Each structure stands twice: as C-alpha cells, then as structure tokens.
1. Please go through segment 125-135 and give me each residue that is surrounded by 13 or more Cβ atoms within 10 Å (Cβ to Cβ) and either free of Cβ contacts under 8 Å to residues at least 40 places away in the same chain or not small (Gly, Ala, Ser) (or both), ordered by number.
2. Tally the residues that are surrounded by fewer than 18 Cβ atoms within 10 Å (Cβ to Cβ) and in contact (Cβ under 8 Å) with a residue 60 or more places away in the chain, restricting the search to segment 174-189.
3. Between Leu26, Leu31, which is outside any helix (DSSP H, G or I) and either open to solvent by less than 30 Å² (accessible area, probe 1.4 Å) or not small (Gly, Ala, Ser) (or both)?
4. How many residues are within 20 Å of the chain's Cα centre (by Cα) and open to solvent by less than 40 Å² (accessible area, probe 1.4 Å) when one looks only at segment 104-119?
5. Go over the candidates Val101, Val94, Val138, Val122 one by one and state the one that is closer than 25 Å to Trp53 by Cβ, touching a residue at least 12 places away in the same chain (Cβ under 8 Å) and surrounded by fewer than 18 Cβ atoms within 10 Å (Cβ to Cβ).
6. Are any of the residues in segment 158-165 at pLDDT 90 or above and in a strand (DSSP E or B)?
7. What is the number of the single condition among (1) assigned to a helix (DSSP H, G or I); (2) out of contact with any Asp or Glu (no Cβ under 6 Å at 6 or more places or on another chain); (3) at pLDDT below 90; (4) not polar (S, T, N, Q) that Gly120 does not meet?
8. Go through segment 42-71 residue by residue and tally those that are over 30 Å from Met164 (Cα atoms) and either surrounded by 14 or more Cβ atoms within 10 Å (Cβ to Cβ) or in contact with a helix residue (DSSP H, G or I) (Cβ under 8 Å, 6 or more places away or on another chain) (or both).
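The values are calculated or read from the model by the stated rules, or taken from the named source; none is laboratory data. The structure displayed is predicted, hence computed values, not measured ones. Here the Cβ is made from the backbone with ideal geometry for all residues, glycine too, and neighbour counts use every protein chain on show. Ligands, DNA and RNA are stripped out before the accessible areas are found, and what is left, the full protein with its side chains, is counted by its heavy atoms. Shrake-Rupley method; radii C 1.70, N 1.55, O 1.52, S 1.80 Å.
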Amino acid sequence: MPSTPAQIMNLPNILTMVRIAAIPLLCVLLLSPERETGFWAAALFAAASVTDWLDGYLARKMQIVTVFGKFLDPIADKLIVMAALIMILPFDRVPAWMVLVILGREMIITGLRGIASTEGIVIAASNLGKFKTIFQLVAIIGLLLHYDYHWFFGIDHPLLVVNMHNVGMFYLWIATVITIWSGVDYLYKFVRVIVK
C-alpha cells in the first residue's frame, strides 16, 4: 500500500530532507579554503551527521518507519559525504584515489542492493558498514577543519596543538580500509545468495 503524504512528511523524514537541503550550503562554504569557512562547514557537516543518527532513532522510537525513509536516508548520507569529499579535492586535502575508492564502493553496493531487492532478496548489512560510516564522518570533520587548533591555554601558550588535517587523514585511512573490507564482504554475501 503506497505511503500517504501525511505518512511521508513525518519528523524523521523531514530531518533527512533537511540533511539533503544542507548540501548546497555545505558546497558554498567549501568553495573557499579559508579557516573560518572550513570551521562552519565542519559544524554544518557535524550537525547533519547528528540528524543521520536522530532520524533513524526517532523513526524506530515513534514506529513510523516508511519505505520513503528507508530509500531516502542512505541516499542523503551518501550525498553529503560525496559532496564534502569532492569539494575539498581541489585544495589537495584528500588523495583523489581515496575519494574514488569510497565513492566507487558506495555506487557498486547501491547497485547490488538494487539488483537484490528486485529479486526479493535482502542481504543483511554487517557492522562493518556502521564502522565505515563513523570513521568517514570523523575523518571528514577533521579534513574540513584542516588547520592547527590550539587547546586549553590559548594561542599564545597552548597546552596542545592539534593539526586537524592529520587527524582527518588518520581516520580517513581507517575508513578507506573498512570501506574496501565492507565492500568485499557485501559482494561475497551477494554472490553467495545469488548463485544459490
């Protein structure tokens, strides 16, 4: 039975749509490599990441999980990650091959899920996908912040200076490894189910 407009326009789905609506603003902020715009881009990306968790939590809590929400939520996640990574490529903040691996994996797995669903097959997602997403989000926030940040006693006498680009790259390496691992894991499960 098709979802009605009232069912579609529930709070979790609205949060998902807000996340998608934030993407153009994120892209505008990332047109500049300046520290301040990077900070606001990171803040916007972090807020969007929180809505990613919140919309799923609310959908389950309020028992209003819809087909529309199941379709839109993962697309919103992929779009905002893709937008952030592509926009920082011109500033050499991230290796192009890593972006290609991450985006290529998402496209391949999305395609395989589409094939499986047309056959009425559900392939359970592993926890690897969740870990991949967490490390990607943390990595992107670090890469958007990019610059040195002084902690505790201020700029003149900082107790700790953290280069956020290095933090971002550290987590991006982990995210890339998990991205490949989870992609291979899903492909293996897909082949096992299809060839039965």
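1. Leu128, Phe131, Lys132, Thr133, Ile134, Phe135
2. Residues meeting the conditions: 3.
3. Exactly one of Leu26, Leu31 is outside any helix (DSSP H, G or I) and either open to solvent by less than 30 Å² (accessible area, probe 1.4 Å) or not small (Gly, Ala, Ser) (or both), namely Leu31.
4. Adding up the residues that qualify gives 7.
5. The match here is Val101.
6. Yes, that holds for at least one residue.
7. Of everything listed in (1) assigned to a helix (DSSP H, G or I); (2) out of contact with any Asp or Glu (no Cβ under 6 Å at 6 or more places or on another chain); (3) at pLDDT below 90; (4) not polar (S, T, N, Q), Gly120 misses just condition (1).
8. 8
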